[in-house]
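Read the structure below first, then the notes.
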Amino acid sequence: MSTPLLQQVIDRSAPIDDASPADLDVNFGLLDEYSKREIRRAILTAVAVPGYQVPFGSREMPVARGWGSGGLQISLAVVGPDDVVKVIDQGDDEGVNAVNLRRLIVSSTGIPESTTPEDSTLIQTRHRIPEDPLDERHTLILQVPVPEPLRGVERDMRELARMHAEADYARMWVSLYEDKVRNGVITRTTGYPCLVHGRYVIATTPIPRWDVPRLHQSRFLSLFGAGREKRIYAVPPHTDVEPLTFEDVPFEVEITPGAQCRSCGSSESFLVEVPATAAEGGGHWVCSDSDWCRRNRQRQHPSNGVEP
Amino acid sequence: MNNDWALKVASLGKIHGITDLRALEDTGPDIGTAKSALTGSIVAAWDVGFEVAPGEALGVIGESGSGKSTVMRCIAGDQSSTAGEVYLRSVDNGRTNVLDLDPSSRRRLRVADLAVVYQDPAEGLRLNVTAGGNIAEALTAAGWRHFGRIRDRAAELLERTEVPLSRMDDLVGTFSGGMRQRVQLAKALANEPPVVLLDEPTTGLDASVAAGVLDLIRNLLEETGVAAVVVSHDFAVIEMLTTRCVVMNHGRIVEAGLTDRLLEDPHHPYSQRLVGAARA
């Protein structure tokens with residue numbers, strides 16, 4: 001447990017394969033215990049001060065920064081032997097990035113993996129919250145590219161720190177005002193700014209507006225990790241998450257009237273458009289959450305629903 | 001002077017460099033310098049005091065380097081002061097020295113208690129934001145959250161400061177100097193602050209535009225009943241806007257009185273030179 005990670009990595013020149021975890025001589029969860037402690041401390045602070053961005057010593061990871069290294073560090077710092085991990089990228093368990101991250105977590109811990117939220121305890125995600133309702137058993141870990149909600153209106157880090165410290169969010173409101181003036185509607189989609197626990201504004205990045213209401217008074221813990229920007233923040237269970245919205249301009253989620261998933265027929269889930277191609281012709285819509293879509297088809301056609 | 005003031009400044013002072021009060025002895029109008037030969041410090045302002053009543057405009061006049069902008073920035077909170085007291089009637093009914101407030105509370109005064117109009121509109125405005133957005137910043141800082149009402153209020157303010165409503169949704173950076181200054185006025189007045197500080201509000205504008213902006217400021221001061229401090233090196237501005245003024249030289253007030261009297265009959269040699277130069 002206490003051998004430095006670097007030495008372990010040097011000793012293991014062979015690439016990680018699908019060997020059973022017992023064969024691996026890396027530490028449980030890849031990170032050394034000192035790194036885990038550092039990250040856990042940051043997480044505890046983040047949970048104690050909902051929405052506050054806690055700086056932490058972001059480690060070099062076996063994925064490039066900006067490719068989920070923040071979420072990965074949180075996952076590996078909180079994972080225990082009894083956990084079951086699910087990793088999604090854009091709602092899809094089979095995305096290249098999701099597969100690689102899941103393989104890394106599983107191979108360095110030996111814990112089981114799953115695609116259904118029902119069976120999972122740790123859900124690492126980029127861009128989505130699973131369609132299924134999550135509860136106390138779940139910890140949602142989000143990979144965050146840009147943790148600073150005010151980055152678009154101010155670049156000076158000291159000024160940003162001051163604005164957060166004094167809850168001075170007037171310029172965030174101005175950016176929403178300008179958006180509405182220029183476009184007639186609020187066009188901001190992913191990373192919609194939300195006020196957490198009536199105090200800090202966070203970037204709910206990078207989930208779509210569709211998922212934002214599900215963070216409000218949620219039963220699960222959400223941890224946001226930005227590896228490149230070295231920040232961790234959290235939304236604890238049963239915490240207010242209010243999207244910044246003018247009183248006379250209601251908050252709306254993305255809905256395209258009439259759109260239906262081509263695979264399962266759902267119009268109740270978050271749909272993404274598949275553009276038209278020369279081979280297949282006109283564009284269509286499919287569920288973003290591929291696992292939910294699969295189970296939805298299964299419910300409708302129990303005999304053949306298992307096919308992709 | 002009676003008790004009916006909106007802004008009261010007492011013994012305000014700012015020393016750049018080491019804070020050694022011996023510097024006061026070899027600086028000032030009588031010595032003819034603001035830099036102390038003894039300590040090397042610069043006494044930018046010392047023992048500055050005045051009161052401004054609601055609806056009254058007080059002028060602060062002097063040549064560049066005389067400390068008038070320092071005084072304004074110390075009141076506004078843009079600069080820390082070395083000594084002195086500043087009271088606002090709207091803060092704790094004038095019993096709290098706002099210089100003693102922590103920086104965060106101090107900045108909060110700028111939302112609705114104290115507005116500043118700078119010589120350079122870029123200091124008071126965001127040039128990459130629309131005119132309406134700039135006013136929205138002041139309103140949302142004061143807690144406005146209703147888009148329609150923010151729009152209406154911004155339009156009303158721009159109308160009052162004579163900015164064409166057709167330009168409301170254009171970036172301030174595309175505006176002329178005179179129009180930027182009008183937007184800055186609109187933003188400053190957005191939350192109806194009881195005190196407004198104007199730092200060389202028309203310097204840098206050409207004569208005809210400056211006359212228009214001056215006219216506007218005078219009307220606004222009359223209509224709104226705010227207490228105003230007008231800092232300027234230009235007697236024409238002081239004469240037009242203020243009833244009382246103080247003359248500053250090398251960081252000290254050398255003369256104070258009614259503006260008319262001061263222009264007709266300046267007592268202090270420096271005031272006489274200043275008026276003489278303006279009349280020439």
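Values in this text are rule-based calculations from the coordinates and carry no lab data. Keep in mind that this is a model prediction, so the values were computed, not measured. Positions of Cβ are generated from backbone atoms using ideal geometry, with glycine treated the same way; all protein chains shown enter the neighbour counts.
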Legend entry - Leading residue at positive end of dipole, the protein assembly as shown (Cβ point charges), from B:Ala277, B:Ser81, B:Trp5: B:Ser81
Inset, instruction - Would you mind giving the three semi-axes, in whole Å and largest first, of the ellipsoid equivalent to the protein assembly as shown according to its Cα gyration tensor? - result: 61, 29, 18
Legend entry - Average beta carbon contacts from partner chains per residue of B:146-152, 10 Å cutoff: 5
Inset, instruction - Grab the eigenvalues of the alpha-carbon gyration tensor for the range A:256-301, scale each by 5, take roots, and send me the semi-axes largest first in whole angstrom. - result: 19, 12, 9
Inset, instruction - Quick one: angle between helix B:177-188 and the longest Cα principal axis of chain B, in degrees between 0 and 90, rounded to 10, please. - result: 90 degrees
Legend entry - When the range B:43-196 is reduced to its Cα atoms, the Kirkwood hydrodynamic radius in Å: 16.7 Å
Legend entry - Partners for B:Lys8 among lysines (Cα-Cα distance below 20 Å; same-chain residues under 8 apart left out): B:Lys68
Legend entry - Förster radius 41 Å - calculated FRET efficiency between A:Asp240 and B:Ile18 (Cβ-Cβ, nearest 0.05): 0.20
Inset, instruction - Among A:Val174, A:His301, B:Gly204, pick out the residue whose Cα is farthest towards the positive end of the charge dipole of the protein assembly as shown, where Lys and Arg carry +1 and Asp and Glu carry -1 on C-beta, about the Cα centre. - result: B:Gly204
Inset, instruction - Would you mind checking the range A:190-214 for residues with the amide N under 17 Å from a putative spin-label position 7 Å along Cα→C-beta of A:Glu268? - result: A:211, A:214
Inset, instruction - Using Cα positions and a limit of under 17 Å, work out the aspartates and glutamates in reach of A:Lys86, with same-chain residues fewer than 8 apart set aside. - result: A:Glu94, A:Glu113, A:Glu118, A:Asp119, A:Glu131, A:Asp132, A:Asp135, A:Glu136, A:Asp289, A:Asp291
Legend entry - Karplus-derived 3J(HN,Hα), 6.51/-1.76/1.60, for each residue of the range A:156-171, Hz, glycine and proline x: 5, 4, 5, 5, 4, 4, 5, 4, 5, 4, 9, 6, 8, 10, 4, 6
Inset, instruction - Would you tell me the mean number of C-beta atoms belonging to other protein chains that fall within 10 Å of each C-beta in A:239-248, as a whole number? - result: 3
Legend entry - Antiparallel %, DSSP beta bridges [both residues in chain A], to 5: 55 percent
Inset, instruction - Give the Debye-formula value of log10 I(q)/I(0) at each listed q (0.13, 0.16 Å⁻¹), with one equal scatterer per alpha carbon of chain A, two decimals each. - result: -0.98, -1.34
Inset, instruction - Could you work out how far helix B:269-279 tilts from the main Cα principal axis of chain B, as a 0 to 90 degree angle to the nearest 10? - result: 40 degrees
Inset, instruction - Give me the orientation-averaged projected area of the Cα convex hull of chain B, in nm², one decimal. - result: 15.1 nm²
Legend entry - Reachable lysines from A:Lys180, criterion Cα separation under 29 angstrom, eight or more residues apart if same chain: B:Lys187
Inset, instruction - Could you run the Karplus curve 6.51 cos²θ - 1.76 cosθ + 1.60 with θ = phi - 60° over the range A:99-109 and give me ³J(HN,Hα) per residue in whole Hz, x for Gly and Pro? - result: 4, 5, 5, 5, 4, 5, 5, 5, 6, 9, 10
